[in-house]
Amino acid sequence: MNAGKQATQGQRSSRPIKHRMPNGQKLAPYLFILPFILSFLIFFSYPLINAIIMSFQRVLPGDVAFIGLDNYKRLLNPDFFKALLNSTKYTFWTLLVLIPLPLVLAVFLNAKMMRARNLFRASLFIPALTSIVVAGIIFRLIFSELDGAIMNSFIKLFGFDSQKWLLSSSLSMFALVVLATWRWAGINILYFLSALQSIPRELYESADMDGAGTMSKFRKITIPLLRPITIYVFTITIYGGYAMFTESFMLWGSRGSPQNIGLTMVGYIYQQGFQYFDLGFGSTIGITLLAITLLVSMLQLNVLGFFKKED
């Protein structure tokens, strides 16, 4: 009897402890996402909140004070509008090149009749592994104003005169877009290739049975089914366009470009915040750039139908 009572009491005393113990299955998902939450709070939320606060301050060496909207009023200057125009032009041209060109190349690389596909895939992806600093130095030599520079030697073959590539607004933009195409086309090709390989072959076989041609299959099967990855590539290209800095910095150096023909939004942040030590105004430019990027991204997502409900 005593043994039975002790066993019963032991069971009763163990129940509350069992209920108090954490449930591993419920706790596991939170443990998995904890590193992301911590990194998001530490490396994004905290700097963003600080930048917003600093945008309303005068932050100079030994001088920190709230000045209201004065920093935002200072945005109305020619340098800011020049940087915004340059970044917008660069984003526009990279969208115009880095969406259709990688898509077409990915279609060719995905074709069964294509020989040495793996070789071409590796060759096109290698530039993405190259340091942008090294690439910038090489492209600065390629687009040098000297007569013996590679680009000047190339255009001379067609009877054109030597050009001062990095001293002209339009030619310098061409150089930046060529650099961006060389570096990022391989990554976009990889995105499109992965999406193309996920399209069922049965769809193309059915289209062949119906007598559809190559262009018809491309327009009615390939393009619609690539819509999700196309939206993604659009979004990251917009972000990359407005966030471009290193390419411009390597082509013109810390002294800047003549007449600000290579000044970008991030370059303007660097100039004001780290060269002139005006961190308050630099934070204001950064917050404004974030708002512009979000606005442009939301507009393109809306235009491409990202928010539309599928039937």
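The values are calculated or read from the model by the stated rules, or taken from the named source; none is laboratory data. What you see is a predicted model; the values in this text were computed from it and never measured. Note that each Cβ is placed from the backbone with ideal geometry, even for glycine, and that neighbours are counted across all protein chains shown. The protein model used for the area step is the full one, side chains on, heavy atoms only, and it has no ligands, DNA or RNA in it. Shrake-Rupley method; radii C 1.70, N 1.55, O 1.52, S 1.80 Å.
Quick one: how many residues across segment 114-125 are part of a helix (DSSP H, G or I) and more than 18 Å from the chain's Cα centre (by Cα)?
Count: 8.
Name the single residue that is surrounded by the fewest Cβ atoms within 10 Å (Cβ to Cβ) among those in segment 153-170 being part of a helix (DSSP H, G or I) and in contact (Cβ under 8 Å) with a residue 12 or more places away in the chain. It would help to see each step written out before you state the result.
Filtering segment 153-170 down to residues part of a helix (DSSP H, G or I) leaves 153-156, 165-167, 169-170.
Filter once more, keeping what is in contact (Cβ under 8 Å) with a residue 12 or more places away in the chain: 165-167, 169.
Numbers: Trp165: 22, Leu166: 20, Leu167: 13, Ser169: 17.
In this case the residue turns out to be Leu167.
Restricting attention to segment 67-86, which residues are farther than 20 Å from Glu247 by Cα, open to solvent by less than 100 Å² (accessible area, probe 1.4 Å) and not in a loop (DSSP other than H, G, I, E, B)?
Asp70, Asn71, Tyr72
Considering segment 268-287 alone, what residues qualify as being crowded, with 24+ Cβ neighbours inside 10 Å and over 14 Å from Val59 (Cβ atoms)?
Selection gives Tyr268 alone.
Of all residues in segment 47-66, count the ones that are open to solvent by less than 40 Å² (accessible area, probe 1.4 Å) and part of a loop (DSSP other than H, G, I, E, B).
1
Tally time: how many residues in segment 194-205 are surrounded by 13 or more Cβ atoms within 10 Å (Cβ to Cβ) and of a type in the set (Ser, Thr, Tyr)?
The qualifying residues number 1.
Restricting attention to segment 5-46, which residues are at pLDDT 60 or above, more than 30 Å from Leu279 (Cα to Cα) and open to solvent by 100 Å² or more (accessible area, probe 1.4 Å)?
Gln25, Lys26, Tyr30, Leu31, Phe32
Which one of the conditions (1) within 19 Å of the chain's Cα centre (by Cα); (2) farther than 13 Å from Ile99 by Cα does Leu203 fail to meet, given that it meets all the rest?
So the condition that Leu203 fails would be (1).
Inspect segment 112-123 for any residue being touching a residue at least 40 places away in the same chain (Cβ under 8 Å), assigned by TED's automatic domain parsing to the domain that holds Gln163 and open to solvent by 40 Å² or more (accessible area, probe 1.4 Å) and give the result as yes or no. Give the steps one after another, and end with the answer.
From segment 112-123, those touching a residue at least 40 places away in the same chain (Cβ under 8 Å) are 121; that's our starting set.
Then keep just the ones that are assigned by TED's automatic domain parsing to the domain that holds Gln163; that gives 121.
From what's left, open to solvent by 40 Å² or more (accessible area, probe 1.4 Å): 121.
Looking for residues that are touching a residue at least 40 places away in the same chain (Cβ under 8 Å), assigned by TED's automatic domain parsing to the domain that holds Gln163 and open to solvent by 40 Å² or more (accessible area, probe 1.4 Å), one finds at least one in segment 112-123, hence yes.
What residue, among those in segment 126-143 that are touching a residue at least 40 places away in the same chain (Cβ under 8 Å) and not in a helix (DSSP H, G or I), is farthest from Glu205 (Cα to Cα)?
Phe143
Check off (1) open to solvent by less than 20 Å² (accessible area, probe 1.4 Å); (2) not in a helix (DSSP H, G or I) for Leu251 and give me the number that stays unchecked.
The one condition Leu251 does not meet is (2).
For Arg219, indicate whether it is within 26 Å of Val97 (Cβ to Cβ), modelled with pLDDT of 85 or more and exposed (fewer than 14 other Cβ atoms within 10 Å of the Cβ). Show your work before the answer.
Values: within 26 Å of Val97 (Cβ to Cβ): yes; modelled with pLDDT of 85 or more: yes; exposed (fewer than 14 other Cβ atoms within 10 Å of the Cβ): yes.
Criteria met by Arg219.
Answer yes if at least one residue in segment 235-251 is over 24 Å from Pro102 (Cβ atoms), under 22 Å from the mean Cα position of the chain (by Cα) and modelled with pLDDT under 85, and no otherwise.
Looking for residues that are over 24 Å from Pro102 (Cβ atoms), under 22 Å from the mean Cα position of the chain (by Cα) and modelled with pLDDT under 85, one finds none in segment 235-251, hence no.
For segment 211-248: of the residues being of a type outside the set (A, V, I, L, M) and not in a helix (DSSP H, G or I), which is nearest to Ala185 (Cα to Cα)?
Taking the candidates together, the pick is Phe245.
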